[in-house]
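The values are calculated or read from the model by the stated rules, or taken from the named source; none is laboratory data. All of these numbers come straight from a predicted model, not from anything done at the bench. Glycine also receives a Cβ, built like all others from the backbone with ideal geometry; neighbour counts cover every protein chain displayed. SASA here: full protein model, heavy atoms, side chains in, ligands and nucleic acids out. Shrake-Rupley method; radii C 1.70, N 1.55, O 1.52, S 1.80 Å.
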Amino acid sequence: MLEGLVTAVPHLQRLDGFPEVKVVVNGSAEAPGSSKVAVISGGGSGHEPAHAGYVGNGMLTAAVAGDIFASPPAEAVLAAICAVTGPAGALLIVKNYTGDRLNFGMAAEQAKARGVKVEMVIVSDDCALPEKRNVGRRGIAGTVFVHKVAGAAAAAGLSLKAVAAEASAAAEAVGSMGVAIAVCTVPGGKPSERLAPGEMELGLGIHGEPGAWKGPALPTDEVVGQMLERIATGMSASEAGGLVPGARVALMVNSLGATTSMELAVAARAALARLADMQVSVERVLAGAYMTALDMAGLSLSLLLVDDARLARLDAPTLAPAWPAACALVTAAPQLDDLDGRAGDGDCGSTLRRGAEAVRAAVAARAGDFDSAAGAAEALADAVRSMGGTSGALYSLGLTAAAAALREGAADGAGALAGAFQVAVGTIAKYGGADEGDRTMLDALAPAARALQEAASAGCSVLEALRRAASAADEGARRTAELAAGAGRASYVPGAQYEGLLDPGALGVSIWLKAAASLDL
């Protein structure tokens, strides 16, 4: 498995000593003598893409793999520490299982004895278990959020103490819960008979450990509701606060191995609806396989309490192959569909996802002239027509106008981008019949255009200009929660239907602009 992974992903490498030492490292990372903190995690195999799939710039520096569901030996963890740690030190992120705590802890102490600076953060996010036990709760899929926060903090150049503090705070602010209708089968073992056909188990562990409740299988909406109630209860005592009205969260809908994308989307829809009822604002949605349990037929939900600073860590760029950094609109589709369903036809996210997938396919196939800015805009205009609907037409019109502006303009760099963006926004307003303030995508596009112009006038680089535009688009999208719809489908329904909710089109703009602004790795 590891041989296949490092062969397929160019920046991944194995340490010497394989197979006894099963360690995957980031081959494109800065030299160990650099000022960046190394972030290391790992555990038993069988949870793929965890943990090696999260190795890459902006996330983990190394991952240590044990045998199936078995903690890696301390010698392998120590080898990882010694291979990737420089003067800045290393942070170990460990799921709360006895074997992992012991072996990672032993390696940490051995490294410290050699003069290496090491800190360790334990993640115990499983809300199926009560906190009142000596060993605490298990660490499950919420650990991936902690990987991302810590990796982004390390990439930003923070000290070991500061990186550990952010990781610890994220670990305190995350809660998870799993459910399954069939337990995983360890290779070479007999299939479990613990769950009969038509039964389900709530709160079971990622190694197939028995859950908190077993009974007849329930409809998805009801199951998800129970899971979120238990997560809310489990997070209520957190120092970071709980799922109180007004709380902001990132949601992870995680396949435990044998759950399809279709089923995950159904669960995501149910979770978003329930969280909206709880008056919890879902800022990011991840739906996919992030920490599995071999072939378990089930899923888990994880909620991470966020603020602007923590969201910036989640949005920060990474080369880790299993983190969906290049799929922002694809990942956000369930959230956008849910918002659109409150005042429209519920397909905004699906429409933008089709456009994102068409763009990725066009870029991969070089379906157009991507050697010039104007040619790239034209190629993207062709690609997004496959989105269909109003959004597809408006995005295609805007990109077509931008291509013409780039071809005719004399400016370059941020100035050329700002000019073309302004033309695109004007074209969308002209043909869409909406203005800023009408609760449409223009409420994010227009402030982004102004921010680009101001950044260009100030002599900013293209990347810095994009970052300012993304920030302005995010602020504009947030303001739509206070606006009455003056155009689009929402203008035909009572305001009470969408009161307090973000406009999905504006939020979509914010999401893709943030993704574009994070591409400089």
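What's the number of the only condition in (1) free of Cβ contacts under 8 Å to residues at least 60 places away in the same chain; (2) touching a Phe, Trp or Tyr at 6+ places or on another chain (Cβ under 9 Å) that Glu357 fails to meet? Glu357 satisfies all of (1) free of Cβ contacts under 8 Å to residues at least 60 places away in the same chain; (2) touching a Phe, Trp or Tyr at 6+ places or on another chain (Cβ under 9 Å) except (2).
Tyr498 meets the conditions (1) under 28 Å from the mean Cα position of the chain (by Cα); (2) open to solvent by 30 Å² or more (accessible area, probe 1.4 Å) in every case but one. The failed one is (2). Among the candidates Ile231, Ile181, the residue that is touching a strand residue (DSSP E or B) at 6+ places or on another chain (Cβ under 6 Å), assigned to a helix (DSSP H, G or I) and hydrophobic (A, V, I, L, M, F, W, C) is uniquely Ile231. For residues that are within 18 Å of Phe145 (Cβ to Cβ), part of a strand (DSSP E or B) and hydrophobic (A, V, I, L, M, F, W, C), tally how many sit in region 34-89. Qualifying residue count for the region: 5. Scanning region 409-458 for residues that are surrounded by fewer than 24 Cβ atoms within 10 Å (Cβ to Cβ), outside any helix (DSSP H, G or I) and not hydrophobic (A, V, I, L, M, F, W, C) turns up Gly409, Asp412, Gly433, Asp435, Glu436, Gly437, Asp438.
When Ala162 is tested against the conditions (1) under 18 Å from Leu256 (Cα atoms); (2) free of Cβ contacts under 8 Å to residues at least 24 places away in the same chain; (3) open to solvent by less than 40 Å² (accessible area, probe 1.4 Å), the lone failure is (1). Taking the conditions (1) of a type in the set (A, V, I, L, M, F, W, C); (2) surrounded by fewer than 24 Cβ atoms within 10 Å (Cβ to Cβ); (3) in a loop (DSSP other than H, G, I, E, B) in turn, Ala141 satisfies each one other than (2). Kindly indicate whether any position in region 137-158 is without any contact (Cβ under 8 Å) to a residue 40 or more places away in the chain and touching a helix residue (DSSP H, G or I) at 6+ places or on another chain (Cβ under 9 Å). Among the residues of region 137-158, not one is without any contact (Cβ under 8 Å) to a residue 40 or more places away in the chain and touching a helix residue (DSSP H, G or I) at 6+ places or on another chain (Cβ under 9 Å), which makes the answer no. Taking (1) among the polar types (S, T, N, Q); (2) open to solvent by less than 40 Å² (accessible area, probe 1.4 Å); (3) not in a loop (DSSP other than H, G, I, E, B) in turn, Thr7 satisfies each apart from (2). Is it the case that region 433-449 has a residue that's out of contact with any helix residue (DSSP H, G or I) (no Cβ under 9 Å at 6 or more places or on another chain) and either without any contact (Cβ under 8 Å) to a residue 12 or more places away in the chain or not hydrophobic (A, V, I, L, M, F, W, C) (or both)? For region 433-449, residues out of contact with any helix residue (DSSP H, G or I) (no Cβ under 9 Å at 6 or more places or on another chain) and either without any contact (Cβ under 8 Å) to a residue 12 or more places away in the chain or not hydrophobic (A, V, I, L, M, F, W, C) (or both): present.
Selection within region 256-270: residues that are assigned to a loop (DSSP other than H, G, I, E, B) and not β-branched (Val, Ile, Thr). The member of this set that is most open to solvent (accessible area, probe 1.4 Å) is Ala258.
Among the residues of region 90-134, just one is farther than 23 Å from Phe69 by Cβ, open to solvent by 40 Å² or more (accessible area, probe 1.4 Å) and in a strand (DSSP E or B), namely Glu119.
Of all residues in region 181-212, those being over 29 Å from the mean Cα position of the chain (by Cα) and either in contact (Cβ under 8 Å) with a residue 40 or more places away in the chain or surrounded by 14 or more Cβ atoms within 10 Å (Cβ to Cβ) (or both) number 4.
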